Amino acid sequence: FGFPLSIFFIVINEFCERFSYYGMKAVLILYFKYFLHWEDNLATAIYHTFVALCYLTPILGAIIADSWLGKFKTIVYLSIVYTIGQAVLSVGSINDLTDHNRDGSPDSVALHIALSMVGLILIALGTGGIKPCVSAFGGDQFEDDQEKQRTTFFSLFYLSINAGSLLSTIVTPNLRATECGIHSKQRCYPLAFGVPAVLMAVALVVFVIGSKMYKKVKPQGNVMLQVSKCVGFAIKNRFRHRSKEFPKREHWLDWASEKYDKQLIAQTKMVLKVLFLYIPLPMFWALFDQQGSRWTLQATAMNGDFVGYFLLHFLKLTLFRPIVNPILIVIMVPVVDYLVYPLIKKCKINFTPLRKMTVGMFLASMAFVAAALVQVQIDKTYPVFPAAGQTQIRLMNLGVAPATVHFQPQLQSVDVAPNEATGYMTFETSKLQSLDIISASLNKTEPLKLLEGQRYTLAFKWNVLSIDSNLIFDNLTSKPEEGKNLIRFINNYPFPVNVTMDDIAFGVLNPLSVSNYSVFPTQPWSFIIRASMPLAACIVSSKEFGFGSAYTISVDRCTNYTLNVTYFEDIAPNTVHMAWQIPQYFLLTCGEVVFSVTGLEFSYSQAPSNMKSVLQAGWLLTVAVGNIIVLIVAGASKLNKQWAEYVLFAALLLVVCVIFAIMASFYTYVDPNEIEAKFSEEKKEEDNKDQDDNEKEAEADSRM
């Protein structure tokens, strides 16, 4: 194919590095929430701080490579930093590192936080520092007459990026979903972070192996520094000559003409025109990068019950989120390029790059409207827990006779059918004093001493001569996280029963006593419930519990060694299906395709040949600023509803979209090649003139 052999090592290096980065990032927000136990806003803030840092450091990497070390050494040294960072993050996620009492929770969370933060800072320095170097280093391997091969290389390069991203977002969430540990089994974050660390080490080794084959261009100075110095001198010089006695110049950058040549000034003008258009762009990235934070957390509160074990295993919960975007990108890029754009062109619509970007921003705004609508439906499924000064109580009739319960003093009366339970009823704690239970002509008064802000279950049954009852403290203050389920058992037998479900032992339960809740994952098969009694042992397969539910299971009786149980729903499972996130991902991906791809194309087409790196740095800077915007909004917002925050972001982007459309309408497209050719021609004429003058002077001297 006419490729330098060194290209093989660069492409493999990029695949491994992108696998490492996106694999780690796919589970990062969940690590913050479920391992470090940070609340949603703090986890979101730290996540976006990390992403912002990853997009700020490329400027540092470009300056180091162009002005000091060169691209090869910069990639090697920062890859070492990168690998160390991944390893430190993996070590920091080991639960047994500080779990000295072996209770399943780290004894020193501060140590884990410190290691994690050090690891993430090193990763940000590494991934950001090498970001502007690797693709440019690959381009350096080709000769000037290998333009076709260079174009093919960049296609392969970006294919390796997407392949690494897609594969890692399949693998690492599944690694996290496994359980590992020495003393106690936990979500396997060390493996989920460790595999990306190994891949980064492989990337470094592969890159170094090809060292002798590379064409290494020496550092020639960083053009960003030249542009910055030119702009700085123009501002300083204009300030010095601010009085009216100095004539105005056509453009404020012309004040740099005393020190810098006209071509550099003209090129800087072109760059600043594009950078000015970049000002509204961070708002798009503020929404786009919430896929990895807010939208991932949204998915954990949804029903991930896809058909079949394979789909359930590979698409449930947090794995669903990372896969959707890269898959949709692979589908939408060719659809947009080869179907949508040609159709628009046939309709004779002048769909300029800036108009495409405006449409992309609008689609991203609509994606957050879709996310808000989904969130409204999710919020409807959340259980309502008692507020301050309130208590909730539920009635559970385990007997064969109907009952009526009076809440005293004369608050209300409730009828409860046999083997059924009411929903949770809310009362002011200070007013509720006792309960009168009436069943089959028997009466029992249950005095109450309740705690504020708690839930209780009153389990009772008619027992011929008396009414047996037990007031149970439910100890549930939130919905189960990560789609897990909480299960407990209550004994409806008149004698003790030993209960197990799969390999979890609930112990021996006395009549009407209840076990503690145990956590069970969602799985596409049933659990086996076993009840051992003095004369027999009975089993039964459980029902499917769904995602994020809590159940109390009553052990009722045994018929032919088959256990009869009754399920009482303490907290309903998630009912909003995860597939409802697809529209918002579809809209955002369409927005990304017409915004991001077009934006890069526009930037390159409007930039001088030697200043494309300046615009690349400016483009990456908009991503960093976008993540900082999320930090500011998440920190300053007083909205207590997530759907309202989604609407706020959608509205902000819509306003920015209108502003960008107005700015774009005033932009005049230029051809940098024509301008550079003009300066080259002028310089050539000047050189010829100087040569003629020198020849004339030499001829005059010879005559003398």
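The values are calculated or read from the model by the stated rules, or taken from the named source; none is laboratory data. What you see is a predicted model; the values in this text were computed from it and never measured. Don't worry about glycine lacking a Cβ; one is built from the backbone with ideal geometry, like all the others, and counts go over all protein chains shown. Surface accessibility is based on the protein's heavy atoms, side chains included, excluding ligands, DNA and RNA. Shrake-Rupley method; radii C 1.70, N 1.55, O 1.52, S 1.80 Å.
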Hey, among Tyr585, Tyr551, which residue is crowded, with 17+ Cβ neighbours inside 10 Å, assigned by the TED database to the domain that holds Gln375 and either part of a loop (DSSP other than H, G, I, E, B) or of a type in the set (Phe, Trp, Tyr) (or both)?
Tyr585
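Residues Ser413, Ser430, Ser365: which one is polar (S, T, N, Q) and assigned to a loop (DSSP other than H, G, I, E, B)?
Working: Ser413 fails: assigned to a loop (DSSP other than H, G, I, E, B); Ser365 fails: assigned to a loop (DSSP other than H, G, I, E, B).
Exactly one residue qualifies, and that residue is Ser430.
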Looking only at the range 78-85, decide whether some residue is at pLDDT 95 or above and either more than 25 Å from the chain's Cα centre (by Cα) or over 19 Å from Pro196 (Cα atoms) (or both).
yes
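Kindly establish whether Trp295 is at pLDDT 85 or above and closer than 23 Å to Leu175 by Cβ.
Values: at pLDDT 85 or above: yes; closer than 23 Å to Leu175 by Cβ: yes.
Yes, satisfied.
So, Leu42, is that one of a type in the set (A, V, I, L, M), free of Cβ contacts under 8 Å to residues at least 12 places away in the same chain and surrounded by fewer than 21 Cβ atoms within 10 Å (Cβ to Cβ) or not? Steps first, answer last, please.
Working: of a type in the set (A, V, I, L, M): yes; free of Cβ contacts under 8 Å to residues at least 12 places away in the same chain: yes; surrounded by fewer than 21 Cβ atoms within 10 Å (Cβ to Cβ): yes.
For Leu42, the condition - of a type in the set (A, V, I, L, M), free of Cβ contacts under 8 Å to residues at least 12 places away in the same chain and surrounded by fewer than 21 Cβ atoms within 10 Å (Cβ to Cβ) - is met.
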Filtering the range 408-420 for residues that are more than 15 Å from Ser469 (Cα to Cα) and open to solvent by less than 30 Å² (accessible area, probe 1.4 Å) leaves a count of 1
Restricted to the range 211-224, and to residues that are at pLDDT 80 or above and out of contact with any Gly (no Cβ under 8 Å at 6 or more places or on another chain), which residue is surrounded by the most Cβ atoms within 10 Å (Cβ to Cβ)?
Tyr214
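Please go through the range 47-77 and give me each residue that is touching a residue at least 24 places away in the same chain (Cβ under 8 Å), open to solvent by 30 Å² or more (accessible area, probe 1.4 Å) and farther than 14 Å from Val623 by Cβ, ordered by number. Steps first, answer last, please.
Applying the first criterion (touching a residue at least 24 places away in the same chain (Cβ under 8 Å)) to the range 47-77 yields 47-72, 74-76.
Then keep just the ones that are open to solvent by 30 Å² or more (accessible area, probe 1.4 Å); that gives 49, 53, 55-56, 59-60, 63-64, 66-69, 71-72.
Passing the criteria: Leu60, Ile63, Ile64, Asp66, Ser67, Trp68, Leu69, Lys71, Phe72.
Look through Val630, Val614, Val597 and report the one residue that is buried (at least 20 other Cβ atoms within 10 Å of the Cβ), in contact with a helix residue (DSSP H, G or I) (Cβ under 8 Å, 6 or more places away or on another chain) and under 25 Å from Asn162 (Cβ atoms). Explain how you work it out, then say what you get.
Numbers: Val614 fails: under 25 Å from Asn162 (Cβ atoms); Val597 fails: buried (at least 20 other Cβ atoms within 10 Å of the Cβ).
On inspection, the qualifying residue turns out to be Val630.
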Out of (1) farther than 30 Å from Thr296 by Cα; (2) open to solvent by 40 Å² or more (accessible area, probe 1.4 Å); (3) assigned to a strand (DSSP E or B), what's the single condition that is false for Val519?
(1)
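Quick one: which residue in Pro573, Pro494, Pro511 is part of a loop (DSSP other than H, G, I, E, B), open to solvent by 10 Å² or more (accessible area, probe 1.4 Å) and either farther than 27 Å from Ala403 by Cβ or assigned by the TED database to the domain that holds Ser439 (or both)? Reasoning before the result, please.
Values: Pro494 fails: either farther than 27 Å from Ala403 by Cβ or assigned by the TED database to the domain that holds Ser439 (or both); Pro511 fails: either farther than 27 Å from Ala403 by Cβ or assigned by the TED database to the domain that holds Ser439 (or both).
Answer to the selection: Pro573.
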Residue that is nearest to Phe8 (Cα to Cα), among those in the range 185-208 that are in contact with a helix residue (DSSP H, G or I) (Cβ under 7 Å, 6 or more places away or on another chain) and at pLDDT below 90:
Arg187
Within the range 439-460, restricting attention to residues that are in contact with a Pro (Cβ under 9 Å, 6 or more places away or on another chain) and not in a loop (DSSP other than H, G, I, E, B), which residue is nearest to Ala387 (Cα to Cα)?
Arg455
Exactly one condition in (1) part of a strand (DSSP E or B); (2) open to solvent by 30 Å² or more (accessible area, probe 1.4 Å); (3) in contact (Cβ under 8 Å) with a residue 24 or more places away in the chain is false for Gly423; which is it?
(1)
Tell me, please, whether a residue that is open to solvent by 40 Å² or more (accessible area, probe 1.4 Å), in contact with a helix residue (DSSP H, G or I) (Cβ under 6 Å, 6 or more places away or on another chain) and either part of a helix (DSSP H, G or I) or closer than 21 Å to Met213 by Cα (or both) can be found in the range 131-144.
yes
Could you check the range 461-484 and list, in sequence order, the residues that are closer than 16 Å to Asn397 by Cα, not β-branched (Val, Ile, Thr) and not in a loop (DSSP other than H, G, I, E, B)?
Lys461, Trp462, Asp468, Ser469, Asn470, Leu471
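A quick yes/no check of all residues on (1) surrounded by fewer than 17 Cβ atoms within 10 Å (Cβ to Cβ); (2) hydroxyl-bearing (Ser, Thr, Tyr); (3) not assigned by the TED database to the domain that holds Leu398:
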| position | (1), (2), (3) |
| --- | --- |
| Thr559 | yes, yes, yes |
| Asn564 | yes, no, yes |
| Pro608 | no, no, yes |
| Gly626 | no, no, yes |
| Lys641 | yes, no, yes |
| Ala644 | yes, no, yes |
